[in-house]
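Participant: Quick one: the structure is below, and I'll ask about it shortly.
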Amino acid sequence: MRNSSKWLRLLVCIVILMKVDGFDVPITIVEDAVAKGSVCLDGSPPAYHFDKGFDSGVNNWLIYMQGGAWCNNATTCLDRSQTHLGSSKLMSTNYYFTGILSNKSKHNPDFYNWNRVKVRYCDGSSYTGDVDAVDPNTKIFYRGARVWRAVMDDLLAKGMKNARNAVLAGCSAGGLGAILQCDNFRALFPSGAKVKCLSDAGVFINTEAISGTRPLEELYAEVVTTHGSAKNLPEACTSKFSPELCMLPQYAARYIQTPLFLLNSAYDAWQISNILIQGVVDADGKWRNCLISGISRCSDSQNQALKCFKKQFLAGLSTICDNNPTTGFFINSCFCHCQSDAQETWLSDDSPRLDNTVRTDLILLRGIVMRMSFKSNS
Ligand SMILES: *[C@@H]1O[C@H](CO)[C@@H](O)[C@H](O)[C@H]1NC(C)=O
Ligand SMILES: *[C@@H]1O[C@H](CO)[C@@H](O)[C@H](O)[C@H]1NC(C)=O
């Protein structure tokens, strides 16, 4: 028994190794940002990974913002500053480029020869924070928006200012950043440049949890206060709604004037696991079973709760799309979170193909539908 499981593990490793299709891109540290006060939580300089465009892509730029949730108060931000999500001193020196960052035409037909950049997330505020004062107790800096701007300035100087096409994208908290910074990104370029934004798994909905609370609204209220984010949220939104609501795409995204594409699952795995069931005491592991072992393990009441999440998600989404004609979207039902940054879910070697699970079909199909919709002009 033990032997066979060892073999199985080896086999899995071999299969994973055979699937390797990306490459490592070294880190660039924006040292001179420190003098301008544009720093990560711990005061270290911001960072990104850059792979140069080539051939017909030399004047096209794809900026992809890393995600990784948020820190909402002095304690959680201090904790975070001691990780790679709060300090460039603790970041890996390489980042693996694959999926939408791949340089192979076969794997990434639309963006493979663009200048491709992965921005490292080190502020915990979806790139919105800006507090002048350093926290006297923790020595923590809340400067996410300045970090974002410093990275953009560095890239503009490296040739992004001549971009003919530019896309601001990101996944999760980075996908939310891509929405909130979208019009600021647009403003970096002359009017002749074509500029769009892509938010992958960034549509965080103000879901009512099973417990009856609205955990995201509460979390964002603390994020906005801690990071001083209000002044960096879309002004047309904050003039009508409270700043914590303007961290939420269902309020903020209708005011974004730059074409915006939303890629998300209506059963977003992160939101279901962290928001919908927040506060649920899962002593008997029933939710764990349902969410990890597969949908067939979910009880009727759990399925009901999942459908309820989907309903809230779609209602929130429609407030964006009904009010903003330049928004496009592709929403699927995969139980997943972020789909553009992995080859499997962006465009696979052998997609489209029929697989024996509906979930995989949807993922592979999405790669194609998504690219078609995003390429369409407007
Ligand atoms: C900070 O936030 C965390 C997570 O929400 C919470 O558990 C903790 O009690 C908060 N700490 C303070 C000092 O407010
Ligand atoms: C992609 O990048 C890797 C690593 O820099 C390089 O070896 C390879 O030739 C590149 N592929 C293409 C098609 O440019």
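The values are calculated or read from the model by the stated rules, or taken from the named source; none is laboratory data. A quick note: this is a predicted structure, and the numbers were derived from the prediction, not measured. Here Cβ is always computed from backbone atoms with ideal geometry, including for glycine, and neighbour counts include all displayed protein chains.
Participant: Taking the stretch 266-310 only, how many residues are among the polar types (S, T, N, Q) and surrounded by 14 or more Cβ atoms within 10 Å (Cβ to Cβ)?
Facilitator: Filtering the stretch 266-310 down to residues among the polar types (S, T, N, Q) leaves 271, 273-274, 278, 289, 293, 296, 299, 301-304.
Of the ones still in play, those that are also surrounded by 14 or more Cβ atoms within 10 Å (Cβ to Cβ) are 271, 273-274, 278, 289, 302.
Qualifying residue count for the region: 6.
Participant: For the stretch 1-34, give me each residue that is outside any loop (DSSP other than H, G, I, E, B) and at pLDDT 95 or above.
Facilitator: Residues satisfying the conditions are Phe23, Asp24, Val25, Pro26, Ile27, Thr28, Ile29, Glu31, Asp32, Ala33, Val34.
Participant: Considering only the stretch 60-113, how many residues are within 18 Å of Ser44 (Cα to Cα) and within 16 Å of ligand 2 (Cβ to nearest atom)?
Facilitator: Count: 2.
Participant: Do the conditions hold for Trp70, that is, is it aromatic (Phe, Trp, Tyr), within 16 Å of ligand 1 (Cβ to nearest atom) and either closer than 30 Å to Val131 by Cβ or under 21 Å from the mean Cα position of the chain (by Cα) (or both)? Even if it seems obvious, please write down each step before you answer.
Facilitator: Working: aromatic (Phe, Trp, Tyr): yes; within 16 Å of ligand 1 (Cβ to nearest atom): yes; either closer than 30 Å to Val131 by Cβ or under 21 Å from the mean Cα position of the chain (by Cα) (or both): yes.
Answer is yes for this residue.
Participant: Give me the helices (runs of 4 or more DSSP H) completely within the stretch 213-263, filtered to those with at least 3 residues that are without any contact (Cβ under 8 Å) to a residue 60 or more places away in the chain, ordered by residue number.
Facilitator: Working: elements: 215-227, 235-238, 249-252.
The helices (runs of 4 or more DSSP H) meeting that bar are 215-227, 235-238.
Participant: In the stretch 97-123, what residues are modelled with pLDDT of 95 or more and among the acidic types (Asp, Glu)?
Facilitator: The one that is modelled with pLDDT of 95 or more and among the acidic types (Asp, Glu): Asp123.
Participant: Just give me the residues in the stretch 124-179 being of a type in the set (Phe, Trp, Tyr) and surrounded by fewer than 21 Cβ atoms within 10 Å (Cβ to Cβ), in sequence order.
Facilitator: Answer for the stretch 124-179, where residues must be of a type in the set (Phe, Trp, Tyr) and surrounded by fewer than 21 Cβ atoms within 10 Å (Cβ to Cβ): there is none.
Participant: Restricting to the stretch 218-249, what's the tally of residues that are polar (S, T, N, Q) and in contact with a helix residue (DSSP H, G or I) (Cβ under 7 Å, 6 or more places away or on another chain)?
Facilitator: 4
Participant: Next question. Please verify whether the stretch 335-351 includes one or more residues that are acidic (Asp, Glu), farther than 28 Å from Tyr255 by Cα, in a loop (DSSP other than H, G, I, E, B) and at pLDDT below 90.
Facilitator: yes
Participant: Which condition does Leu291 not pass, out of (1) within 27 Å of Gly22 (Cβ to Cβ); (2) hydrophobic (A, V, I, L, M, F, W, C); (3) not in a loop (DSSP other than H, G, I, E, B), if it passes all the others?
Facilitator: Only one criterion is unmet by Leu291, namely (1).
Residues are listed down the side, and each one gets a yes or a no for (1) surrounded by 21 or more Cβ atoms within 10 Å (Cβ to Cβ); (2) out of contact with any Asp or Glu (no Cβ under 8 Å at 6 or more places or on another chain); (3) of a type in the set (D, E, K, R):
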| position | (1), (2), (3) |
| --- | --- |
| Pro26 | no, yes, no |
| Ala35 | no, yes, no |
| Lys52 | no, yes, yes |
| Asn59 | no, yes, no |
| Leu62 | yes, yes, no |
